[in-house]
Every structure is written in C-alpha cells, then in structure tokens.
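Okay, so here's the structure we're looking at.
The values are calculated or read from the model by the stated rules, or taken from the named source; none is laboratory data. As the structure is a computational prediction, the values presented were derived from the model and not from experiment. Virtual Cβ from ideal backbone geometry, glycine too; neighbours counted across all protein chains shown. Heavy atoms of the whole protein, side chains included, go into the accessibility calculation; ligands, DNA and RNA do not. Shrake-Rupley method; radii C 1.70, N 1.55, O 1.52, S 1.80 Å.
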Amino acid sequence: MTKPDILQVGPYPEWDQVPLDAQFQMHRYFEASDKAAFLAEVGPGIRGIATRGELGANAAMIAACPNLEVISVYGVGYDAVDLDACRARGIRVTNTPDVLTNDVADLGVAMMLVQSRGMIGAETWVRDGSWAQKGLYPLKRRVWGRRAGVLGLGRIGFEVAKRLAGFDLDIAYSDVSAKDFAKDWEFIADPVALAARSDFLFVTLAASAATRHIVGRQVIEALGPEGMLINISRASNIDEEALLTALETGALGSAALDVFEGEPNLNPRFLALPNVLLQPHHASGTRETRMAMGKLVRDNLMAHFSGATLLTPVL
Ligand code: 8YV
C-alpha cells in the first residue's frame, strides 16, 4: 500500500516523528521557507493534515488540499481548524481529549498556588541574596478556604474543581447549564456574578466564536483588585486588552496565564507587569501526556486510512 501523503503543520517530538515517517509520507510545512509555494506543490496530493492545537488548519490551507480527507489535531482544542470549511467538504477532524485533562488541571492549580504564594519571587529572594541581606520575604495571600470560580465545567474544569476541593476552596462554576455531577458546587450562570464571588477565577472553556472575549472588562473588574485570573484554555476567551489595562491599573489583582494572543510573541506589556505569572503554553507538556497525544494523532490517522472508526472524532 502506498503511504498516504500527510501535511505536517508543526514539529513533533522524535518519538512521534519516527513512527509518522514510517507509516505516512510526511510533508513538513513548518520547514518550508516559502509556505505558499510549498502548499501549491504538495497540496494536490495531500490526504491528511497532522497539526497542533494552537496551529490548526485555516481555510487557505484546507483549500490548497483539494483531496484532503482528515485533519488530526495534537491537542484537545480545535478552534484553530476551520470547521466550516471541513463540514462543507466532508473532511473528518479528530483531536486528543482525555489524555491531557489531568496535566492541564494540575498546571492550572499549580499556577494558582505559585502565584498566590509568590514562589517565583521567593526563589529570586533566596538566589539573589535578598534573604540574607533584607530578611524575611514579604507576606503573600492564602489559598485554602478562599473562593474559586470555574468558568466552563467540562473535562478540564471538572478536574480543576476536584483538585480545588482538595485544597478546601469554596467552589462555584459557570456553564451553559447546571451539571448533575457537580452537586457539591454552586452553579452561577452569569460569568460576571461568578467572578464577583471569586478570589480565583479559572478559565477552562473550550474556545469558539461564541466564547470569544467571554472574560471581558466586566468579568475582570468583578474579580477585582484582590482577585486572580487563571487561564489554561485559549487567549481568545479573554479580552487581552482589558486584562492588560486592569493588571496595569490594579483593577485586577493578578493573573496566571499559559496562553496568549499571538503566542509565542506575546504583547510586551505583559513582560513589564509584576503581578502576572507567565507560562509558555505547556499545560499538557509532560512526556507522558505528549506521548499519549502523539499516539492518538497517529491512531486516528491510521483508523481513517484503514477504514476503521475514528477514535476521537470532532467532525
Ligand atoms: C497543546 C493545547 O499545547 O490541547 C490543546 O488544545 O493547546 C495543548 O495541549 C498543543 O496543542 C500542542 O501543540
């Protein structure tokens, strides 16, 4: 059997690249210096796209591949894939849910703890000699017993809330409707009201056009000068301009962010802020999870090309 031609949008670890190269004819888009010329050359032969959550596949890329059958996303988020274009042409789309849920939740909760207890500054305090020269590290805010809001009680939001319960936080959540499995936690439909009762607000929503800037100025100001915003979803869920202004003026106390508009080239205003914890979009970035994600990307492609049922279809 000839190997199906796959357009590879971004790099993968060696442990994925080797089996991908063995099973498929991979075409490395990310290595091409002239992307348009590369697409024009290989596009007509492409039957599958292997991409990453944050890179997706836009309308132009999909249009350049007239024989495209399937897009396999390395990530749970598929907001960067043009689903309308896929629907119109009957192109199948898969993602990698479940395997990354716990790691993403772990990082979100870790970010809350690190930021609230000032652990990055505390590390510097030890290393730069401040401890010996200046004495005690400034006091920080407690985590346990305070109020947390979870915006989006899907798979990741649920695991975040479970962990927060372990830290004795008082939990509420927002979603399209109250969840039967969340009886211990208060349901608050309105994100502004959720933010108003929260010390920590976790954004764990799957991003879409409908959720764009769901965390806007009103939500941010309701969270307030003592509040912390934690984002482990997508930057598009937050009005970043409003967030930056609120962090600069003190209208919002602090933030802990794993995702940014235009990442990895984030807005330089973030770098000047002392009250934000910045992470390089690595919530799913453990070897164990990334291996499972890579396997799922390949297994979905193999399932498609062997006529089997897709393991984790989106479309
Ligand atoms: C990954 C993600 O960092 O799952 C997602 O949607 O954004 C992350 O898990 C990314 O997809 C890896 O490229």
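List of remarks:
- Matching option when the condition is among the β-branched types (Val, Ile, Thr) and closer than 12 Å to Leu153 by Cα, among Val176, Val215: Val176
- Residue count, the stretch 95-115 (criterion: of a type in the set (Gly, Ala, Ser) and either open to solvent by 20 Å² or more (accessible area, probe 1.4 Å) or farther than 20 Å from Val143 by Cβ (or both)): 1
- Residues in the stretch 230-237 include none that are more than 16 Å from the ligand (Cβ to nearest atom), open to solvent by 30 Å² or more (accessible area, probe 1.4 Å) and not assigned by TED's automatic domain parsing to the domain that holds Ala50.
- Considering the conditions (1) part of a loop (DSSP other than H, G, I, E, B); (2) touching a residue at least 24 places away in the same chain (Cβ under 8 Å), Ala308 is excluded by exactly one of them, (2).
- Filtered residue count, the stretch 118-147, keeping only those that are in a loop (DSSP other than H, G, I, E, B) and either surrounded by fewer than 16 Cβ atoms within 10 Å (Cβ to Cβ) or of a type outside the set (D, E, K, R) (or both): 14
- One residue stands out in the stretch 11-54 among those that are of a type in the set (Asp, Glu) and within 16 Å of the ligand (Cβ to nearest atom): the one that is least open to solvent (accessible area, probe 1.4 Å), namely Asp16.
- Of residues in the stretch 196-229 being open to solvent by 50 Å² or more (accessible area, probe 1.4 Å) and polar (S, T, N, Q), the one farthest from the chain's Cα centre (by Cα): Gln218
- Considering residues of the stretch 63-82 that are touching a strand residue (DSSP E or B) at 6+ places or on another chain (Cβ under 8 Å) and among the aliphatic types (A, V, I, L, M) only, the residue farthest from the ligand (Cβ to nearest atom): Leu68
- Qualifying residue in the stretch 75-94 (condition: farther than 29 Å from Ile232 by Cβ and buried (at least 21 other Cβ atoms within 10 Å of the Cβ)): no
- Val259 being within 30 Å of Leu68 (Cβ to Cβ), in contact with a strand residue (DSSP E or B) (Cβ under 8 Å, 6 or more places away or on another chain) and touching a residue at least 24 places away in the same chain (Cβ under 8 Å): yes
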